Structure formats: C-alpha cells, structure tokens
Amino acid sequence: MTDKKGKLPLILDGDPGHDDAIAWLLAEASRRTDGICDIRAVTTVGGNVSLDKTTYNALRVCTLLGIEAPIAAGAPHPLTADLMVAPSVHGESGLDGPALPEPDRDLSDLTAVELMAKVIRDSEDKVTIVSTGPMTNTATLLLAHPELKSNIEQISLMGGGLGFGNWTPAAEFNILVDPEAADIVFRSGVPLIMAGLDVTERALLEPDDFERIRDVKNPVSDIVWQWLEFFYKFHKKLGYEGAPMHDPCAVMALIHPEIFTFEDYYVQVETGGEYCRGATVADRRRVMDKAPNAKCIMNLNRDAFADYIFEGVRAYG
Ligand code: RIB
Ligand code: CA
C-alpha cells in the first residue's frame with residue numbers, strides 16, 4: 001500500500017553486496033521516475049562481509065546512486081551465533097570489482113535500530129522494510145519496539161527457499177547467518193513478502209543483459225555492468241547461465257508485483273537441527289491449522305525483470 005502521496009516509505013536494510021546495491025538502485029530509480037519508493041533510511045548489517053565493510057560499501061553505494069537518506073550501522077554479528085561471511089561470492093571488500101566513489105556523507109549518530117525506530121515512529125504512513133541481508137537489525141527492532149509493529153506495512157525480504165538452500169542443502173545464506181533473528185521476524189505477525197531462492201535463482205541477468213547495461217554509458221551503468229560481471233564469475237563456475245539477482249527481487253516485488261507469482265504459506269524457521277538449521281519450512285499442503293504468515297514469491301517473468309533493471313539503470317542518464 002502506498003501512502004496518500006502515492007509513495008511507498010522504505011527502510012533499506014542490507015549487507016552490500018553486489019545484489020543489495022542493485023536492489024537499492026531499483027528503489028532509488030523508482031523514486032526518481034515513477035515516484036513510488038520513498039527511501040527514509042539505509043541500515044547495514046554484518047553478512048556478506050563484516051559490518052565495517054558492509055557499512056563502508058553502503059556509504060559508497062548511496063553516494064554513487066544519490067540516495068539522500070540517513071545511513072546507520074547495525075548489528076556486527078547475529079543475535080546468538082558467530083558471524084558467517086561470504087567473501088568467496090562478493091570478494092574481500094564485499095563489493096569487489098569497479099572502483100567506487102568515496103563517501104560524500106557521514107554515518108548517522110544513531111544505531112540502525114534507533115534510526116529504524118525513529119523513521120517508523122515519525123512516519124505518517126506505514127513503512128515498508130526491505131531486508132536483503134541477515135535479519136538481525138529487524139528482529140532487534142521488533143523485540144525492542146513491539147509497539148511500532150502497527151506502523152510497519154510489511155517486510156519484503158530476500159531470504160530462505162522452500163525447496164533448497166544455497167549455503168547448506170537446507171538453508172539460504174541470509175537466514176542461515178541468523179536463524180534466531182529470522183524466526184523472530186517470521187513469528188512477528190508483520191506481513192511478509194518472501195523472495196526466496198525459488199524465485200531469485202530464476203531472476204538471472206545474463207551476459208546479453210550486462211552488455212545492454214554497459215551500452216547505456218552513464219556513470220551508474222559503467223559500474224553496474226562490472227558488478228554483474230564480477231558477481232557472475234562465482235556463479236558461472238557453479239553452472240549458472242547468469243547472475244542471480246537475489247536482493248533486487250525484494251524491491252521489484254514492491255514496484256512491479258505483476259511480473260511475479262505468489263503463494264501464501266505458513267513458514268517456520270528451523271533454528272535447531274544438525275542438517276537443517278536455517279531452513280525455511282513452508283506448510284505447502286496446509287496440514288497445520290495455521291494462517292499463512294508470508295507471501296512467498298514462486299516465479300517471475302524474467303525478461304520483464306531484466307527490462308525493469310535496465311530501465312532503472314537508464315534512469316541515471
Ligand atoms: O543468498 C543470497 C543472499 O546472500 C543475498 O542477499 C546476497 O547479497 C547474500 O547476502
Ligand atoms: Ca544481501
């Protein structure tokens with residue numbers, strides 16, 4: 001739902017990360033073109049790499065994209081577990097590849113949870129949280145400020161998978177890094193849109209798409225096509241035909257839901273288990289007497305998805 005002015009107030013919480021950065025590009029391009037997204041805050045979490053690196057990356061990405069919202073650093077590690085990072089996928093910096101501009105702004109003096117709470121408390125209209133990393137900040141916000149749930153429209157999250165994992169056979173990385181946080185979010189009662197691997201592994205940008213973006217030749221497209229090339233390197237070795245745009249699905253589902261298919265399921269997060277910790281277990285046959293807690297994205301029109309990312313990059317012309 002958008003507010004009275006047709007805008008969708010957003011908090012972007014992530015661990016940039018090449019695909020987090022492209023998700024944030026989509027949100028900012030939407031603000032500049034169709035006026036749907038209204039980015040109120042950017043918050044960072046340890047995940048792909050350590051918090052200091054994801055926060056430095058967030059400052060640089062927001063500088064590159066011209067995102068004017070305040071930026072606050074969040075949780076350096078999960079609620080109970082040690083931090084697990086993924087430099088093999090995103091590089092040691094978490095955003096390896098092209099050189100990026102140095103930050104043109106300072107971090108907020110607030111913590112991520114303090115900034116999230118302030119934005120939600122002060123907003124006339126319900127706020128949507130876009131979560132594209134481990135959900136430690138969002139879980140902490142929900143535990144510390146349960147009274148603010150009524151002013152959260154939804155949480156659109158990239159995480160989990162109903163059929164398989166990508167870090168273990170059962171678990172997707174964002175959930176596996178902090179299953180306790182994910183469990184709190186899935187039990188919270190806040191409406192959820194879940195962009196799991198079921199759809200994100202189909203949301204592939206292919207080399208032809210990289211070239212199309214490269215040929216746009218604006219300051220942002222010059223960076224994005226190189227991010228895609230870098231991100232594809234890891235995935236090509238695994239047999240992917242393109243770069244899976246995991247995190248952009250969580251934003252695209254808000255601005256172009258028509259290109260996706262959804263199923264409402266009751267989803268639980270496994271926090272124990274020897275083999276299945278971090279699994280997102282959906283009651284697909286509805287054998288439990290539980291109302292669905294998540295709109296799970298199951299499929300997409302890939303060509304339309306790629307076109308909208310291309311249009312987002314062109315918006316910086
Ligand atoms: O499993 C994919 C997720 O892990 C994405 O959010 C990516 O950025 C990494 O954080
Ligand atoms: Ca991410």
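Remarks
- In the condition set (1) assigned to a helix (DSSP H, G or I); (2) crowded, with 18+ Cβ neighbours inside 10 Å, Met194 is compliant with all but (1).
- So Glu102, is it of a type in the set (D, E, K, R) and either buried (at least 23 other Cβ atoms within 10 Å of the Cβ) or in contact (Cβ under 8 Å) with a residue 40 or more places away in the chain (or both): yes
- Here Leu142, Leu83, Leu95 are screened, and the one residue that is among the aliphatic types (A, V, I, L, M) and surrounded by fewer than 19 Cβ atoms within 10 Å (Cβ to Cβ) is Leu83.
Results for (1) within 16 Å of ligand 2 (Cβ to nearest atom); (2) free of Cβ contacts under 8 Å to residues at least 40 places away in the same chain, shown as yes or no for each residue.
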{"residue": "Leu192", "(1), (2)": "no, no"}
{"residue": "Leu197", "(1), (2)": "yes, no"}
{"residue": "Thr200", "(1), (2)": "yes, no"}
{"residue": "Lys217", "(1), (2)": "no, yes"}
{"residue": "Gln226", "(1), (2)": "no, no"}
{"residue": "Tyr240", "(1), (2)": "no, yes"}
{"residue": "Met245", "(1), (2)": "yes, no"}
{"residue": "Phe260", "(1), (2)": "no, no"}
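- With respect to the conditions (1) under 17 Å from Asp20 (Cα atoms); (2) outside any helix (DSSP H, G or I); (3) in contact with a Phe, Trp or Tyr (Cβ under 7 Å, 6 or more places away or on another chain), Val199 lacks only one, and its number is (2).
To keep it simple, each residue is scored yes or no on (1) under 19 Å from Gly17 (Cβ atoms); (2) in contact with a helix residue (DSSP H, G or I) (Cβ under 6 Å, 6 or more places away or on another chain); (3) not in a loop (DSSP other than H, G, I, E, B).
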position: Arg40; (1), (2), (3): no, yes, yes
position: Thr43; (1), (2), (3): yes, yes, yes
position: Thr63; (1), (2), (3): yes, no, yes
position: Thr80; (1), (2), (3): no, yes, no
position: Val89; (1), (2), (3): yes, yes, yes
position: Leu100; (1), (2), (3): yes, yes, no
position: Arg105; (1), (2), (3): no, no, no
position: Asp125; (1), (2), (3): no, no, no
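- Residue in segment 45-57 that is farthest from ligand 2 (Cβ to nearest atom), counting only those that are under 12 Å from Gly74 (Cα atoms), in contact (Cβ under 8 Å) with a residue 60 or more places away in the chain and in a loop (DSSP other than H, G, I, E, B): Gly46
- Scanning segment 139-155 for residues that are closer than 24 Å to Met252 by Cα and within 15 Å of ligand 1 (Cβ to nearest atom) turns up at least one hit.
- Evaluation of Lys4 against (1) over 18 Å from the mean Cα position of the chain (by Cα); (2) modelled with pLDDT of 95 or more (one fails), failing number: (2)
The values are calculated or read from the model by the stated rules, or taken from the named source; none is laboratory data. Because the structure is a prediction, the values reported are computed rather than measured. Glycine also receives a Cβ, built like all others from the backbone with ideal geometry; neighbour counts cover every protein chain displayed.
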